[in-house]
1. Kindly check whether there is at least one residue in region 63-72 that is over 17 Å from the mean Cα position of the chain (by Cα) and within 26 Å of residue 159 (Cβ to Cβ).
2. Do you know which of the residues in region 50-62 that are open to solvent by 50 Å² or more (accessible area, probe 1.4 Å) and farther than 14 Å from residue 34 by Cα is nearest to the chain's Cα centre (by Cα)?
3. Would you confirm, using the coordinates I've provided, whether residue 112 is closer than 15 Å to residue 172 by Cα and assigned to a strand (DSSP E or B)?
4. I'm checking my understanding of the structure. Among residues of region 117-151 that are of a type in the set (Ser, Thr, Tyr) and in contact with a strand residue (DSSP E or B) (Cβ under 9 Å, 6 or more places away or on another chain), which one is surrounded by the fewest Cβ atoms within 10 Å (Cβ to Cβ)?
5. Taking residue 152, is it at pLDDT 95 or above and within 16 Å of the chain's Cα centre (by Cα)?
6. Of these, 81, 91, 41, which one is surrounded by 16 or more Cβ atoms within 10 Å (Cβ to Cβ), assigned to a strand (DSSP E or B) and either at pLDDT below 90 or not acidic (Asp, Glu) (or both)?
7. Let me spell it out: the conditions are (1) within 11 Å of the chain's Cα centre (by Cα); (2) at pLDDT below 85; (3) of a type outside the set (S, T, N, Q), and residue 99 meets all of them except one. Which number is the exception?
Amino acid sequence: MEPMTPIVSAGVPTGPALPPEPAEVAASARDLKNRVGDYVLVRELGHGGAGTVYQAWHKPLARWVALKFLHERDPGAVERLRREARMVARLTHPHIVPLFEVGEHEGRPFLTFRLVRGRTLSRIQLEPRRSAEVLRDIAEAVHYAHENGVIHRDLKPQNMMLDEDGHAWVMDFGLARATAGGTTLTVPGVVLG
């Protein structure tokens, strides 16, 4: 990795230079539908019952993120997305994908998260010892969430990832429920995800 050139303003160094914008970002930005505020959507990463996730470039901070849009604009669905954002934002754990922002673009709410490059556990097969290590890391993250009043409620291999370095991550708290005094926004018998 090349060292970054420091930024200098009026002769005073202000920090390292931001990495250059990848060519694929400029190409994608030519299509106005790929522009979402400060973000440029580059490719779809996946979709589920509640939303679609894109790999996006955050222009001000020059970094890749995962941007999740809701499929619908129903006020109940919007409130669930905002609730997910509030709950996930308070969880700071090395195995829970961090939330960066909740926003809205042309009436469509979205969340941005750290982009995790890797594969979901539903797409890989691990040796028994490695499976136990990953399960330990996931269990620690879920336990941490429980200690902080959040129950995931949709923990499945599709919502767990191993990144390119083998680090385990828990993601998609879309059906999560607060355990301490919060109101429940899900209804028994209604399928959300």
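The values are calculated or read from the model by the stated rules, or taken from the named source; none is laboratory data. A quick note: this is a predicted structure, and the numbers were derived from the prediction, not measured. Positions of Cβ are generated from backbone atoms using ideal geometry, with glycine treated the same way; all protein chains shown enter the neighbour counts. Side chains included, ligands, DNA and RNA excluded: accessible areas come from the protein's heavy atoms. Shrake-Rupley method; radii C 1.70, N 1.55, O 1.52, S 1.80 Å.
1. Here is the first cut: in region 63-72, the residues over 17 Å from the mean Cα position of the chain (by Cα) are 72.
Subsequent filtering for residues that are within 26 Å of residue 159 (Cβ to Cβ) retains 72.
Checking region 63-72: at least one residue is over 17 Å from the mean Cα position of the chain (by Cα) and within 26 Å of residue 159 (Cβ to Cβ).
2. Across region 50-62, the extreme among qualifying residues is 61.
3. Numbers: closer than 15 Å to residue 172 by Cα: yes; assigned to a strand (DSSP E or B): yes.
Considered against the rule, which asks whether it is closer than 15 Å to residue 172 by Cα and assigned to a strand (DSSP E or B), residue 112 comes out as yes.
4. Filtering region 117-151 for residues of a type in the set (Ser, Thr, Tyr) gives 120, 122, 131, 144.
Add one more test, that the residue is in contact with a strand residue (DSSP E or B) (Cβ under 9 Å, 6 or more places away or on another chain), and what stays is 120, 122, 144.
Values: 120: 18, 122: 11, 144: 17.
If we take residues in region 117-151 being of a type in the set (Ser, Thr, Tyr) and in contact with a strand residue (DSSP E or B) (Cβ under 9 Å, 6 or more places away or on another chain), then 122 is surrounded by the fewest Cβ atoms within 10 Å (Cβ to Cβ).
5. Details: at pLDDT 95 or above: no; within 16 Å of the chain's Cα centre (by Cα): yes.
Judged against the criteria, residue 152 is not a match.
6. 41
7. (2)
Table: residues versus (1) at pLDDT below 80; (2) in a loop (DSSP other than H, G, I, E, B); (3) not hydroxyl-bearing (Ser, Thr, Tyr).
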position: 7; (1), (2), (3): yes, no, yes
position: 14; (1), (2), (3): yes, no, no
position: 49; (1), (2), (3): yes, yes, yes
position: 53; (1), (2), (3): no, no, yes
